Amino acid sequence: MKITFEKLSNFSLIYIKLKESNVKVKTIQDTLCELLFDKDNKWIGINIFNESKCCDEFILPKVKRIGNINVQRTDEMVTILFNEMTNTYSKREELCNVDYNENEFLGIELILKGFNCNTEVIETFTIFR
């Protein structure tokens, strides 16, 4: 997994790449998600729901465990925890774009306004621009 994190004035552009793919990528736009934080405002994960503002309900593509990252799947959502040793203290609802191909979940794109959090947990696999 690799995260690209770019700050532009009051916006943060974040792309979470779960897997490389050489095949054509499809995107589900405006997917409901929740950013997960611990008690120290460290970003520790994300919930991605199988509901979109533009496509209503859909079935999320398959996603596998990625290195030390914990990936959980239910009928309603996929949860990706960057640090599974920390409990979720707060959540922030957002919209994201989900990239996938016929076989699996490939990545998540977030465009966030006013995103100020502690990025310590994700620093080892993040490129900051």
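Exposed loop sites, defined as chymotrypsin sites (Phe, Trp or Tyr not before Pro) outside DSSP H, G, I, E and B with at most 16 other Cβ atoms within 10 Å, are absent from the longest region of the chain, namely 1-57. Between Glu123 and Asn22, the C-beta separation translates, for a Förster distance of 30 Å, into a calculated FRET efficiency of about 0.60.
Given axes a ≥ b ≥ c from the Cα gyration tensor, I'd like to know whether the stretch 15-75 is rounded (a/c under 1.5), prolate (a/b larger than b/c) or oblate.
Details: a/c = 1.86, a/b = 1.23, b/c = 1.51.
Since a/c reaches 1.5 but b/c is at least a/b, the shape of the stretch 15-75 is classed as oblate.
Calculated FRET efficiency, Arg73 to Asn116, Cβ-Cβ distance, R0 = 25 Å: about 0.25 to the nearest 0.05. Entry note, the chain: relative contact order of 37 percent, from Cα contacts under 8 Å with a spacing of 6+ residues.
One way to sum up the overall shape of the stretch 30-129 is the equivalent ellipsoid from its Cα gyration tensor, whose semi-axes run 22, 16, 13 Å, largest first.
Throughout, read-outs are computed from the coordinates displayed, never taken from laboratory work. Values in this document were obtained by computation on a predicted structure and should not be read as measured data. In this analysis, Cβ positions are derived from the backbone assuming ideal geometry, glycine residues included, and neighbour counts consider all displayed protein chains.
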